[in-house]
1. So what's the angle, to the nearest 10 degrees on a 0 to 90 scale, between helix 106-120 and the longest Cα principal axis of the chain?
2. Please give the length that would be gained between Val196 and Ser245 if that part of the chain were fully extended, namely 0.36 nm times their separation in residues minus their C-alpha to C-alpha distance (nm, one decimal).
3. How do the peptides 312-324, 158-170 rank, highest first, by the average count of neighbouring beta carbon atoms within 10 Å per residue?
4. With contacts defined as alpha carbon pairs under 8 Å and 6 or more residues apart, what's the relative contact order of the chain in percent?
5. Cα-Cα over 21 Å: which of Lys195/Lys320; Lys194/Lys241; Lys194/Lys222?
6. Report, in degrees rounded to the nearest 10, the 0 to 90 angle that the Cα long axis of helix 305-314 makes with the longest principal axis of the chain.
7. Please give, to one decimal in nm, the separation of the simple spin-label points placed at Ala106 and Arg175, each 7 Å out from Cα toward the Cβ.
8. With a cut-off of 20 Å, note down the residues of region 181-219 whose backbone N falls inside the zone around a label point 7 Å from the Cα of Ala119 toward its beta carbon.
Amino acid sequence: MRKLARVALAGVVGFAVTCGLVGTPASAVPTTADAASVKIAAPVKPAFTTLRLGMRGEAVRQAQVKLVRIGYLATADGYFGTSTRDAVVRLQTVYGHTVRNGEINAATMTTLIMVYDRALRVPAGTLTPGTTGEAVRLLQQALATIGYFTGSVNGTYNGATKEAVARFQRNYGVRAMRGYATPATRTSIDTAYKKVLATQQTNLHANCRYGRAICIDKTARKVYWVVNGRILKTLDARFAKPGYSTPTGNYQVYTKIYKDWSRAYSAWMPFSIYYDGGRAVHYSYGFAADGYNGGSHGCVNLRDWAGAEWLYNQARVGDKVIVYYS
């Protein structure tokens with residue numbers, strides 16, 4: 001039996017013996033060349049599903065969680081409603097997307113993830129691009145008062161707001177994320193703002209130091225809303241162009257018209273507060289568009305829509321209007 005086994009084994013020509021495998025033809029054993037010729041299929045990447053109005057589910061909720069974290073949305077409930085759509089439109093607008101339809105496609109999701117990841121590194125209490133609300137409006141007002149912001153004080157943290165914050169940070173040596181109003185940045189802005197307000201306070205006309213008054217400083221080109229000597233609102237102002245006049249003096253509000261129309265000059269005059277004949281403090285589309293490259297026909301122009309409306313709502317018939325040079 002031993003001899004037969006030896007002969008049989010010796011007579012097996014063209015067969016290979018491998019670990020756990022006996023009797024496999026040598027021609028069937030893969031060689032190095034065979035392995036190199038094998039093509040391994042790449043894993044198939046699943047197609048991105050665009051999230052849009054009316055959809056529900058975990059994917060929607062996860063996107064909403066990111067929108068909430070970056071300050072664009074209030075809650076994440078897993079339903080893609082109009083508030084989510086509007087938040088996405090704001091995101092697309094702020095970050096320069098060509099398509100601003102409120103749908104989260106692959107490009108928008110990439111932006112959302114980028115902004116979200118950045119927000120995770122931002123200290124709590126930081127105002128960031130895209131944030132809206134009263135805190136942003138107050139920030140813009142402070143930046144405008146100290147000379148860093150010339151845009152519309154509208155409560156939306158837009159590109160102009162980010163640029164103004166970044167300039168302030170550079171000039172004041174604030175070490176923070178450029179263009180982001182971190183708590184440290186906001187504290188520095190508030191300190192600078194209070195210093196400017198203190199200077200303005202010393203420039204107030206004597207008749208502005210008591211009672212309710214719209215104080216119009218032609219030197220500073222500012223309108224102040226003052227109650228008992230305390231400045232509660234500061235707005236940019238411009239006055240009459242050559243050939244017309246905005247006289248100084250002590251006046252009183254005698255009427256208000258929410259949206260007046262000037263028949264003489266064919267122009268809308270929103271939030272008109274009349275104090276001297278046909279002269280009024282009002283919002284000016286021209287001032288908002290052209291700045292100080294122009295002037296009024298005698299009125300006091302304002303260029304901050306929200307601020308002009310706010311002043312209109314505060315002022316009452318009988319309030320003082322003081323026009324002066326400081």
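Bear in mind these aren't lab numbers, they're just calculated from the coordinates by the rules spelled out. This one's a predicted model, so the numbers in the text were calculated from it and none came from an experiment. Virtual Cβ from ideal backbone geometry, glycine too; neighbours counted across all protein chains shown.
1. Here the helix axis deviates by roughly 70 degrees.
2. Gain on stretching Val196 to Ser245: 14.8 nm.
3. Taking the mean over residues of other Cβ atoms within 10 Å, the ranking is 158-170, 312-324.
4. After rounding, I find 11 percent.
5. Details: Lys195/Lys320 26 Å; Lys194/Lys241 32 Å; Lys194/Lys222 16 Å.
Over 21 Å apart, Cα to Cα: Lys195/Lys320; Lys194/Lys241.
6. Between helix and principal axis, roughly 50 degrees.
7. Here the modelled spin labels are 4.2 nm apart.
8. The answer is 181-186, whose backbone nitrogens lie closer than 20 Å to the label point.
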